[in-house]
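Engineer: Would you mind keeping the following structure in view while I ask a few things?
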Amino acid sequence: MASSMILDECLKEGARASEAGEFTKRAVLNGRIDLTRAEAAAKLIESKSIDSAKILSRQLKGELQQFVNKIRNDLVEILAFIEVNIDYAEEDLPLDLLTQINDRLTNIKNLLENTLETSKSREGLIDGFKISIIGKPNVGKSSLLNALLKYDRAIISPIAGTTRDTVEESLKIGTHLVKFIDTAGIRDASESIEKIGIEKSIEAIEESDIVIALFDGSQEIDQDDEKIIKLLESYKSSKKIIVAINKSDLEKKIITKELDALEIVEISCRENVQIIKEKISSLLDYKSSANDLILISKRQVDEVTKALNYIDDSFSFLKDGELELFAFNINESIKHIASITTSFERSEILDKMFGSFCLGK
Ligand SMILES: Nc1nc2c(ncn2[C@@H]2O[C@H](COP(=O)(O)OP(=O)(O)OP(=O)(O)O)[C@@H](O)[C@H]2O)c(=O)[nH]1
Ligand SMILES: [Mg+2]
């Protein structure tokens, strides 16, 4: 109460409340912190696990900034080397210069590729993991959500097509805060509301890190299950998939031959779903090592990808001795790498060119 009264007095006297993120934004504009630290600060406030908090705290201290700066400096040096040599006759070039540059650039390329790959394999770690539950109507998707949450969040009924829209709820699994998405059953739908539900299910799969595909173990596989199996085929390389055979308290009729290539667990939402929790937990642990340096936003991933494309293209120009084109590509890659932390200034190359270089000519 007292603090809000003080605030009111200040506002009356002409002060204004700060906008969201304003202090961080000012710190960036005034050059006190770079963009990677600002992004880490923003994500740390909402961090979804101990592992992500560890990664973000390191980036708040400048881990990613240092990595980016090192790569940028290397590229700037390469560019300076080349730009100086563009103006010299070919016979004056040190013989192994091109090989040296090629090696240094290959190193940078490998570093960036590894970082992208590690970041991809940790997808979901920073913004929170999402798990969708899919399956044809009535297999027990909503029952599974409720069993995991230990309370009745979603409506359950023996009528197929009970869940029409997606239902989302967060739950702590191990040290991770995970968002579960219960979807509308997927089948050939003539009814338009159900059709929208199916589209939403596919959307849910797309944005999930793990997909739980549920089947009713007390029935044989039918056409609607086949649809799910087909869908799994198309996602098995991009998503972690857990196949769960539900209703293990009833007599088993399902034959899982078509699913054997995938990881299968048998559960009963009426009795016990512990095994699926363990499975999820081990998949999440696999995705979350706190030791690696990773990119934490789409913006950072996009910039690294663009920089890599320019670097990839530059190799052939170097090989063919087309140094102007090579320099152009390296310059572009520097711009993208540099914009991860800050805006790029060309004067820096000039300083490097004439400051740290002694050509003796
Ligand atoms: N015996 C048995 N019945 C179950 C089990 N899990 C769910 N059921 C029953 O199966 C029926 C369908 O369950 P829901 O959870 O509504 O199924 P759903 O997949 O969400 O269905 P839609 O929302 O219509 O797609 C209900 O009558 C549940 O009580 C289980 O492990 N064993
Ligand atoms: Mg349901």
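Engineer: For the chain, place one equal point scatterer on every Cα, skip the solvent, and apply the Debye formula. What is log10 of I(q)/I(0) at q = 0.06, 0.12, 0.15 Å⁻¹?
Structural biologist: -0.37, -0.94, -1.15
Engineer: Can you list the aspartates and glutamates whose alpha carbon is less than 13 Å from that of Lys306, not counting same-chain residues fewer than 8 positions off?
Structural biologist: Straight-line reach from Lys306, under 13 Å: Glu113, Glu332.
Engineer: Roughly speaking, what % of Cα-Cα pairs in the range 122-179 are separated by over 18 Å, rounded to a whole number?
Structural biologist: 37 percent
Engineer: At 1.4 Å probe size, with every protein chain present, just tell me what the per residue accessible area of the chain comes to in Å².
Structural biologist: With the other protein chains kept in place, the chain gives 54 Å² per residue.
Engineer: Also: Return the distance in nm (one decimal) between the two label points of a simple spin-label model at Thr305 and Asn73, each offset 7 Å from Cα along Cα→Cβ.
Structural biologist: With each label placed 7 Å out from Cα toward Cβ, I get 3.0 nm.
Engineer: Let me ask another. Ignoring ligands, DNA and RNA, what percent of the accessible area of the range 129-287 is carbon or sulfur (1.4 Å)?
Structural biologist: Using a 1.4 Å probe with all protein chains present, the range 129-287 comes out at 48 percent carbon and sulfur.
Engineer: Out of Ser282, Ser238, Pro137, whose Cα points farthest toward the positive end of the dipole of the range 129-287 (charges: +1 Lys, Arg; -1 Asp, Glu; placed on Cβ)?
Structural biologist: Going by the Cα projections, it comes out as Ser282.
Engineer: A further question on this structure: Please give the charge dipole size of the chain, origin at the Cα centre, charges +1 on K and R Cβ atoms and -1 on D and E Cβ atoms. Round to the nearest 20 debye.
Structural biologist: For this selection, approximately 1320 debye.
Engineer: Separate question: Report, ordered by chain and residue number, the aspartates and glutamates lying within cross-link reach of Lys150, taken as a straight Cα distance under 15 Å and ignoring same-chain residues fewer than 8 apart.
Structural biologist: The qualifying aspartates and glutamates are Glu168, Glu169, Asp182, Glu271.
Engineer: If we count every other residue with Cβ under 15 angstrom of Leu116's Cβ, Lys/Arg +1 and Asp/Glu -1, where does the sum land?
Structural biologist: -1
Engineer: Starting from 0.36 nm per residue, how many nanometres of slack lie between Ile6 and Val84 once their C-alpha separation is accounted for?
Structural biologist: 21.9 nm
Engineer: Assigning unit charges at the beta carbon (Lys, Arg +1; Asp, Glu -1) and nothing else, what dipole magnitude in debye, to the nearest 20, does the range 129-287 show about its Cα centre?
Structural biologist: Its charge dipole is roughly 400 debye.
Engineer: Amide H to amide H under 5 Å from Leu214: which residues, 5+ apart in sequence or cross-chain, H placed 1.01 Å off N in plane?
Structural biologist: For Leu214, whose amide H was placed from the backbone, the distant partners under 5 Å are Ile134, Gly135, Ala244.
Engineer: Related question: Tell me which aspartates and glutamates have Cα within less than 18 Å of Lys61's Cα, excluding those fewer than 8 residues away on the same chain?
Structural biologist: Reachable aspartates and glutamates: Asp34, Glu39, Glu46, Asp51, Asp292.
Engineer: Measuring from the lowest to the highest alpha carbon on each principal axis, how far does the range 187-306 reach, largest first, in angstroms?
Structural biologist: 52, 36, 24
Engineer: Taking θ = phi - 60°, what integer Hz values does the Karplus form 6.51 cos²θ - 1.76 cosθ + 1.60 yield along the range 311-317, in sequence order, with x for Gly and Pro?
Structural biologist: Taking θ as phi minus 60°, the curve returns 5, 3, 5, 6, 4, 5, 5 Hz for the range 311-317.
Engineer: Just to be sure I understand the model, the point goes 7 Å from the Cα along the line to the Cβ. What's the resulting Glu271 to Asp96 distance in nm?
Structural biologist: The answer from the label model is 7.1 nm.
The values are calculated or read from the model by the stated rules, or taken from the named source; none is laboratory data. The model shown is predicted, which means the values in this text are computed figures rather than measured ones. Don't worry about glycine lacking a Cβ; one is built from the backbone with ideal geometry, like all the others, and counts go over all protein chains shown. Protein only, heavy atoms only, side chains kept; ligands, DNA and RNA dropped before computing areas. Shrake-Rupley method; radii C 1.70, N 1.55, O 1.52, S 1.80 Å.
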